[in-house]
Amino acid sequence: MYGEKNNARLPTYHRLDVTAIFKLNRNNERKYQHELALSIFNLYGRKNPLFINFNKEAQAANNFKVPSDLINREYSISQFYLFRATPSVSYNFRWQ
Amino acid sequence: MKPWRYFLILLLLLACEERFNDPLNTRPTNLLVVEAVLTNELVPQKINLSFPYQQLNGAPTPATGAVVQVVENDAVIYSFYENILQPGEYISAPFRAVFGEEYKLEIQIQGKEYYATDSSVPVEPLTPLQYKMVNNQFELVLYETGTISNYIDHTITSEDNSGCMPCLGRVIFYDLKSIDVNEIYKPGKKSFLFPAGSTIIRRKYSVSASYRTYLRSMLSETEWRGGIFDVDRANVATNLSTGATGFFAVSTVISDTTVVE
């Protein structure tokens, strides 16, 4: 237990997503439109914490386990984060 | 399944855990933390009172100067006195907290009063201690037994520190007879190994229904936190009156001692 409720904040969350959309129609008068989108989620690979744990010991780099021994233990704070830079491709098709 | 589908599933599950280095921003609080387990053993009973930790690996601030007593069935009063060698620890004269009686804890501190009540339930017999050899040392094999909720406290002492100052280690195995998804998918535990010649003192505690609720909520915030499926963070259950946390429990205890050879 570390203090009053709601007295701590996660670090600032920020990321940059970029998308390039390629229209595949040459003729805009057609009954349908379709396009290809290339995206990169979190372009600069920011490690945004998803949640933080206070109950584990560091065994080695990026290997954390809950201690069994209640006498000799040394907790460290660990964070989980999801994807860093993640590319994606999508195809959109719609009727006019 | 085609390889790209494995890749897609991998992407969906991908998460990394690493050390978090930002400092904790804490503020002192006067929330009283009560750690009290009375047992059926004829020994001086102990109650610890403290205020929350300010640092992750720090020590709790002891709550000193309290008036503490336990009342059995609204008739017999057991007074607790503060241990001058260990501030925050309150000790009674030897007495048993027995099955079938109701016990009420009363605390007065800093102009406030706190109350809690509990009764013990029976405990099932201990089953044989099991351990296995790992790299020329030993590791406990912990397993569920019986039908009633309980936990077993293993105090492990080596030949070198038979006075248990400090003990070699202490391992608690909780057997709450519940099906919790966050327990099933709890994070991995570090192995605790001990050498041949170690002495293991087991103490098996019975767990009443309200104590079980407390232990489940406490474990959900501690040992079971950080796995694949966590429950929402929440206050730990308590049987103490408003303004305090922790638990006042009355347990039936049985114990045995084993020397590992």
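The values are calculated or read from the model by the stated rules, or taken from the named source; none is laboratory data. Note that the structure is predicted; figures quoted are calculated from it, not measured. Ideal geometry is used to build each Cβ from the backbone, glycine not excepted, and the neighbour counts take in all protein chains shown. Surface areas here come from the heavy atoms of the whole protein model, side chains and all, with no ligands, DNA or RNA. Shrake-Rupley method; radii C 1.70, N 1.55, O 1.52, S 1.80 Å.
Observations
- Across the stretch B:178-185, not a single residue is classified as out of contact with any helix residue (DSSP H, G or I) (no Cβ under 9 Å at 6 or more places or on another chain), within 14 Å of chain A (Cβ to nearest Cβ) and hydrophobic (A, V, I, L, M, F, W, C).
- B:Val37 being aliphatic (A, V, I, L, M), under 19 Å from B:Met218 (Cα atoms) and at pLDDT 95 or above: yes
- Near pairs, Cβ below 8 angstrom, 6+ apart or cross-chain, from the stretch A:78-89 (more than 7 Å from chain B (Cβ to nearest Cβ) and in a strand (DSSP E or B)) to any residue that is surrounded by 15 or more Cβ atoms within 10 Å (Cβ to Cβ) and of a type in the set (Ser, Thr, Tyr): A:Pro87/A:Ser39; A:Ser88/A:Ser39; A:Val89/A:Ser39
- Those residues of the stretch B:52-64 which are more than 18 Å from A:Glu74 (Cα to Cα) and either in contact with a Cys (Cβ under 6 Å, 6 or more places away or on another chain) or open to solvent by 60 Å² or more (accessible area, probe 1.4 Å) (or both), in sequence order: B:Thr61, B:Thr64
Residue-wise test of (1) among the hydroxyl-bearing types (Ser, Thr, Tyr); (2) surrounded by 12 or more Cβ atoms within 10 Å (Cβ to Cβ); (3) touching an Asp or Glu at 6+ places or on another chain (Cβ under 8 Å).
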{"residue": "A:Arg9", "(1), (2), (3)": "no, no, no"}
{"residue": "A:Leu16", "(1), (2), (3)": "no, yes, no"}
{"residue": "A:Asn28", "(1), (2), (3)": "no, no, no"}
{"residue": "A:Tyr32", "(1), (2), (3)": "yes, no, no"}
{"residue": "A:Lys47", "(1), (2), (3)": "no, yes, yes"}
{"residue": "A:Ala60", "(1), (2), (3)": "no, no, no"}
{"residue": "A:Ser68", "(1), (2), (3)": "yes, yes, no"}
{"residue": "A:Ser78", "(1), (2), (3)": "yes, yes, yes"}
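- Inclusion of B:Gln86 among residues that are out of contact with any Phe, Trp or Tyr (no Cβ under 8 Å at 6 or more places or on another chain) and at positive phi is not warranted.
- The stretch A:60-77, residues that are closer than 23 Å to B:Phe138 by Cα and either touching a helix residue (DSSP H, G or I) at 6+ places or on another chain (Cβ under 6 Å) or at the interface with chain B (Cβ under 7 Å from one of its Cβ atoms) (or both): A:Phe64, A:Lys65, A:Val66, A:Pro67, A:Ser68, A:Asp69, A:Leu70, A:Ile71, A:Asn72, A:Glu74
- Residue match in the stretch B:4-25 (condition: at pLDDT below 75, among the basic types (Lys, Arg) and either closer than 24 Å to B:Ala93 by Cβ or outside any loop (DSSP other than H, G, I, E, B) (or both)): yes
- Within the stretch B:200-217, none of the residues are more than 30 Å from B:Glu113 (Cα to Cα), charged (D, E, K, R) and within 13 Å of chain A (Cβ to nearest Cβ).
- The residues listed here are B:Thr238, B:Thr252, B:Thr222, B:Thr213; of these, the one that is among the polar types (S, T, N, Q) and closer than 24 Å to A:Asn72 by Cβ is B:Thr222.
- The listed residues are A:Asn28, A:Asn55, A:Asn7, and the only one of them that is facing chain B (nearest Cβ under 7 Å) and in a loop (DSSP other than H, G, I, E, B) turns out to be A:Asn7.
- Residues of the stretch B:91-110 that turn out to be open to solvent by 10 Å² or more (accessible area, probe 1.4 Å) and outside any strand (DSSP E or B), as a count: 6
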